[in-house]
Amino acid sequence: PEETVTSSFASFIHAVRPEHLSKTVRHRSKRMILDSIGVGLVGSTTHVFDIALRYCRELYSSVAVSSVYGKPGVKLSPTLAAFTNGVATHSMDFDDTWHPATHPSGAVLPALLAASQMLPPSTKPNGMDFLLAFNVGLEVQGRLMHFSTETHNIPKRFHPPSVVGTMGSAAATAKLLSLSMAQCTHALGIAASLAGAPMANAATQAKPLHIGNATRLGLEAALLAARGMEANPLILDDIPGCSGFSAFYGIYQPKPLSTPSDHHEFLLEKQDIAFKCFPAHLGMHWVVDAALSVRNLFINYAGSFSPSLIRTIVLKIPVSKYINRPFPSSEHQARHSFQFNACTALLDGEVGLSSFSESSIHRQELRELLDKVVVEHPEDNVANFDKMYGEVALLLHSGDVLTGKCDTFYGHWRKPLSKESLLKKFRSNASHVLPEEKIETIITMVDNLEKLSDSSQL
């Protein structure tokens, strides 16, 4: 049969081999795996995670074989473990971000961890199999995002990981389960029918469900395909008058994914990932760095940070409605508020886990700073994680103006976290639920993932 875009993707999933992973791709993806486990562990301490876990334990009975982040001795069915761990990963908006914009690890890793424990001892994938499947999930997400120019900017309609993440989870699991090419095709088709969530649920407790559902439903799609379920074999192609995956985008120009021969250059080779230094929407990291910069100028100017000297705080940010929140009233709104994060950085000199507690959000001194904020949208500041900047200007009662600007925060793909910073973040996150010796075991295991004989140990 004539090759189609969909069949080319299925061919890639089926044919790609561990030797196609370059040293750079292995290194970057292991950093992603370690970070994602850490944010999942600390995410298991959140209220929204407790809701999801209680839901799974009370409403479903199943063969419990797969582990749950931060809950020793608790196991669920593979799909529900994937769902719960996906919710944990995104519960604080602390997980990695790619360009075009999505959260790639959280949509794939929980499915692979659950599936690894599901398989019988004789067919357990080794660490290299696991690493390859993880990168297949990333590659499929990245390639799909390049099918539309809409994806390059901060999204307005669909939350990207709920769309491409579901497809990536299906592809990754299909690879881990060694599905046939036809089954890989059907897994993608089934996943497309399970994908999608609206951006309106950003800044609510429902947003972490997007990642939970992406990783769970992608896993389910692969399992259904393995059992003979069929779907449209042209799901990724642009068929006039009959939308497949193109339903998620107004502009859709799919391109085949070449079958790897002696070499395949993964997108992760060309486009590194962004890791967050504090748990909030990625856009917040620009304004926080800018706010910290101008705070230092202010202290040098006045001797200390004195809010009473400030008449107006001007934020110059891109137009993005769902992260322009003048007075957030919950932790999830606060994680999606340019104003809150800038003022918290000004007031405290940092933004961290405790910044989003109820007591921190409702402080009177923070409210007084928020009252002084004015937002501007310069034409050159586009809503694009590769091009945007954050600028914070303090207009003082004296007439003086102090300004801080950030076009690349620490953790961005242009300014990646050092190994020391990534390990510090992981150890801090994991320490909320694990003892030190287990934390160090995970670090060693991920660092030597290629040598792991049984990936379910992870």
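The values are calculated or read from the model by the stated rules, or taken from the named source; none is laboratory data. These numbers were taken from a predicted model, which means no experiment stands behind them. Cβ atoms come from the backbone with ideal geometry, glycine included; neighbour counts cover every protein chain shown. Areas reflect the complete protein model, heavy atoms only, side chains present, ligands, DNA and RNA absent. Shrake-Rupley method; radii C 1.70, N 1.55, O 1.52, S 1.80 Å.
Brief remarks on what is shown
- Between helix 160-176 and the chain: long-axis angle, C-alpha atoms, 0 to 90°, nearest 10: 40 degrees
- Ordering His281, His263 by accessible surface, largest first, gives His263, His281; the 1.4 Å probe counts only protein heavy atoms, with every chain in place.
- Think of region 1-119 as having a plus end and a minus end, set by charges on the Cβ of Lys, Arg, Asp and Glu; of Gly106, Phe12, Val39, Val39 sits farthest toward the positive end of this dipole.
- Of the solvent-accessible surface of region 272-346, computed with a 1.4 Å probe and all protein chains present, 51% belongs to carbon and sulfur.
- Accessible surface calculations at 1.4 Å, restricted to protein heavy atoms, place the chain at 39 Å² per residue.
- Rounded to the nearest 10 square angstrom, Arg54 shows an accessible area of 120 square angstrom against a 1.4 Å probe.
- Taking Cα centre as origin and charging only the Cβ of basic (Lys, Arg, +1) and acidic (Asp, Glu, -1) residues, the dipole magnitude of region 243-390 rounds to 380 debye.
- Cα gyration tensor, region 128-277 - rounded (a/c under 1.5), prolate or oblate: rounded
- Ranked by solvent-accessible area (1.4 Å probe, protein heavy atoms only, all chains present), the residues Lys156, Lys255 order from largest to smallest as Lys156, Lys255.
- Residue ranges 79-85, 40-46, 345-351 sort as 79-85, 40-46, 345-351 when ordered by packing (mean number of other C-beta atoms within 10 Å per residue, highest first).
- Karplus-based coupling profile of region 4-14, in residue order and whole Hz: 10, 4, 4, 5, 5, 5, 4, 4, 4, 4, 6, with θ = phi - 60° in 6.51 cos²θ - 1.76 cosθ + 1.60 and x standing for Gly or Pro.
- Principal-axis tilt of helix 284-302 within the chain, Cα atoms, nearest 10 degrees: 20 degrees
- Residues whose amide H falls under 5 Å from that of Val374, counting only those 5 or more places apart or on a different chain, are Ile313, Val314, Leu315, with hydrogens built in the peptide plane.
- On Cα atoms only, tilt of 47-59 relative to the major axis of the chain in degrees: 30 degrees
- Rounded to the nearest 10 square angstrom, Glu420 shows an accessible area of 130 square angstrom against a 1.4 Å probe.
- In this structure His264 has an accessible area near 10 Å², from a 1.4 Å probe over the protein heavy atoms.
- Shape of region 282-406, Cα gyration tensor, a/c cut at 1.5: oblate
- Ser354, Ser180, ranked by accessible area, largest first (probe 1.4 Å): Ser354, Ser180
- Only Lys, Arg (+1) and Asp, Glu (-1) charged, at Cβ; region 316-446 dipole about Cα centre in debye: 320 debye
- Furthest towards positive pole of dipole, Phe356, Ala383, Gln333, structure part region 282-406, Cβ charges: Gln333
- Whole-number percent relative contact order across region 282-406, with pairs defined as alpha carbons under 8 Å at least 6 apart: 42 percent
- For Asn381, the shell of other residues with beta-carbons less than 10 Å away shows a net charge of -3, using +1 for Lys and Arg and -1 for Asp and Glu.
- Evaluated with a Cβ-only charge set (Lys, Arg +1; Asp, Glu -1), the chain carries a dipole of roughly 500 debye about its Cα centre, given to the nearest 20.
- Taking amide H positions as modeled 1.01 Å from N, with prolines and chain starts lacking one, the residues under 5 Å from Val65 and 5 or more places away or on another chain are Leu76, Ser77.
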